[in-house]
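Taking it in order: structure first as structure tokens, then the write-up.
The values are calculated or read from the model by the stated rules, or taken from the named source; none is laboratory data. Since this is a predicted model, take the numbers as computed values, not measurements. Every residue, glycine as well, gets a Cβ built from its backbone with ideal geometry; the counts of neighbours run over all protein chains shown. Ligands, DNA and RNA are stripped out before the accessible areas are found, and what is left, the full protein with its side chains, is counted by its heavy atoms. Shrake-Rupley method; radii C 1.70, N 1.55, O 1.52, S 1.80 Å.
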Amino acid sequence: MKPNTSKNLDTLFIKTYGCQMNEYDSSRMADMMKEAYGLRLVGAAEEADVILMNTCSVREKAEEKVYSELGRYKKLKDKRPDMIIGVGGCVGQQEGERIQQRAPYVDIVFGPQTYHRLPDMVKQIRRDRVRVTEIDMPEIEKFDHLPKAESHGISGFVTIMEGCDKFCTFCVVPYTRGPELSRPVADILAECCQLLAGGAVEISLLGQNVNGYRGMGPDGEEWDFTMLLYAVAELDGLKRLRFTTSHPMEMTQELCVAFGEIPQLMPYLHLPVQSGSDVLLKAMHRGHDRATYFRTIETLREYCPDLALSSDFIVGYPGETDIDFEETLELVRWVGYDSAFCFKYSPRPGTPAAKSEDNVPEAVKDARLQTLLSLMREQTRQAMQRQLGRTVDVLVEKTSRNAGDMQGRTPDFKIVHFRGNPRQIGQIMPMRIVDAYGQSLRGELILADD
Ligand code: SAH
Ligand code: SF4
Ligand code: F3S
């Protein structure tokens, strides 16, 4: 079932899983395929000449999900053999040729560090009628080969560093994304300017460990993340600056101070801690203890009292006892998060933790997850309730799914629905919060003569 090279390629469908960096990568793939082949993005696999899956392998059953989705695409390809199917992202990196052994109708397998070669891979397939696998890890050459970033709305994303050297025992990311590599400051500023010129007013800087950034500055010296933040904040037209994901180990004093000093830097921080138990933090190889995390939070709140915090948690890591879990609950109560992502531990192939026995029974994992989730739901509810009656600046993002409503975000990243119109998109508008729901708020515009 080789692709028929006679047909013109017109349409592209990308199915994206995983983190925001995958979202960013998918939009760069779309930019690139548009430039190389004039491909137009479509919303359904059925309409596409080229289907790309941008996959995630961070948690359980990731591979199975990919194969079951591929089964669906196979049916489309049976009817239209000229179609091209590619699997990229972290499962692509991890599984490599195994994917084509199991699903021979897949034409391309690629990884997060090779997607800039997609146009060449497509050319090769059409010319030589072969299958292609490219999962080597070239030294971050990718960014030099991507077309200029196109602006996709009022909120833009820019990858500033990639990869991870932390090697937490449970995590596949260091193996799928490779070592930490930072882009030069000048390239990052140029990409931000491009987005701002295209209409973005908010920029989120992305990296697996964004605050581990160490990139070449315009002065030839190495810049750290805080220096980069100050430089980005000065760009014309930038109203809001955010970043994700940060590692607690790299929260410097200067970075905490920046939250108080940079007006564009929004008071919201995702700072994953995974567990509240020192025994587990050590076993997980997180590189810090619970007291250090507490001190960091205190410093952040000293400079930015309104800071909203979120985190990731894993329950049921090998050896986790009731006491360890109790310490996690205690940490959650002490910090008072606005929200958190909570996961049951699952062994991932190739990680050090996968060699230990996955010895917390499934029922215990389930029970701990439910306990943690209900505590988090309550904290989120309280965080929302605290907004009632406040006046906040909302950046209007899009039309809401509720008819007649618009949707935007507060500085601390909460979703607000309000009665408005699409002309307000991109504006920052003061609103009074009049209602609070589980995951969102209701606002009323404050008119000039109020
Ligand atoms: N770089 C970020 C997180 C990247 S992965 C950090 O350092 O925190 C996103 C989240 O997935 C992690 O924070 C962790 O909570 C979860 N996760 C990663 N591996 C996992 C595994 N094997 N089982 C369950 N959850 C996992
Ligand atoms: Fe994974 Fe740890 Fe790296 Fe985060 S810091 S990406 S959890 S290895
Ligand atoms: Fe998933 Fe890879 Fe991101 S494993 S979370 S897509 S870095």
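A few comments on the model shown:
- D278-F341 FRET efficiency (beta carbon distance; Förster radius 25 Å; 0.05 resolution): 0.70
- Span from the segment 375-440 Cα centroid across to the segment 193-264 one, whole angstrom: 25
- Calculated on the alpha-carbon coordinates, the convex hull of segment 132-173 measures out at 161 cubic angstrom per residue.
- For the pair T169 and E23, a Förster radius of 22 Å applied to the C-beta separation gives a FRET efficiency near 0.25, rounded to the nearest 0.05.
- As an equivalent ellipsoid, the chain spans semi-axes of 36, 29, 23 angstrom, where each value is the square root of five times an eigenvalue of the C-alpha gyration tensor, largest first.
- Largest-first principal axis extents, alpha carbons of segment 348-448, Å: 63, 28, 23
- Of K65/K365; K15/K148; K61/K414; K239/K414, those spanning more than 26 Å from alpha-carbon to alpha-carbon: K61/K414
- Backbone phi angles across segment 214-224, fed through the Karplus curve with coefficients 6.51, -1.76 and 1.60 (θ = phi - 60°), yield HN-Hα couplings of 9, x, 6, x, x, 8, x, 8, 7, 9, 9 Hz in residue order; Gly and Pro are listed as x.
- Accessible-area rank, largest first, for E222, E60: E222, E60, with all protein chains present and a 1.4 angstrom probe.
- With the simple model of a label 7 Å out from the Cα in the direction of the Cβ, R386 to K79 spans 5.3 nm.
- Compactness of segment 243-368, expressed as Rg and Dmax over alpha-carbon positions, Å: 15.5, 48
- The DSSP beta bridges internal to the chain are antiparallel in roughly 35% of cases.
- Taking all C-alpha pairs of segment 80-137, those more than 14 Å from each other amount to 47 percent.
- Backbone HN-Hα couplings from phi across segment 97-108 [Karplus 6.51/-1.76/1.60, Hz, Gly and Pro as x]: 5, 4, 4, 6, 5, 7, 10, x, 7, 7, 7, 10
- A compact globular protein would have a Cα radius of gyration near 2.2 N^0.38 Å; the ratio found for segment 23-172 is 1.04.
- Estimated dipole of the chain in Debye, rounded to 20 [Cβ of Lys and Arg +1, of Asp and Glu -1, Cα centre]: 1800
- Stretching E222 away from Q439 to a fully extended chain increases their span by 74.1 nm, per 0.36 nm per residue minus the current alpha-carbon distance.
- Inter-site label distance for T292 and Y67 at 7 Å from Cα along Cβ, in nm: 4.0
- Extension gain, L235 back to F143 (0.36 nm per residue minus Cα-Cα distance, nm): 31.0 nm
- Carbon-plus-sulfur accessible fraction, the chain (probe radius 1.4 Å, protein heavy atoms only): 50%.
- Per-residue SASA entry for L447, accessible area with 1.4 Å probe, Å² rounded to 10: 110
- Solvent-accessible surface of the chain, averaged per residue with a 1.4 angstrom probe and all protein chains in place: 44 square angstrom.
- Applying 1/(1 + (r/R0)^6) with r as the Cβ-Cβ distance of R423 and E326 and R0 = 51 angstrom yields a FRET efficiency of 0.45.
- Listed residues Y73, Y303, Y67 arranged by accessible area, highest first, probe 1.4 Å: Y303, Y67, Y73
- In segment 107-141, trypsin sites (Lys or Arg not before Pro) in a DSSP loop with at most 15 other beta-carbon atoms within 10 Å: R129
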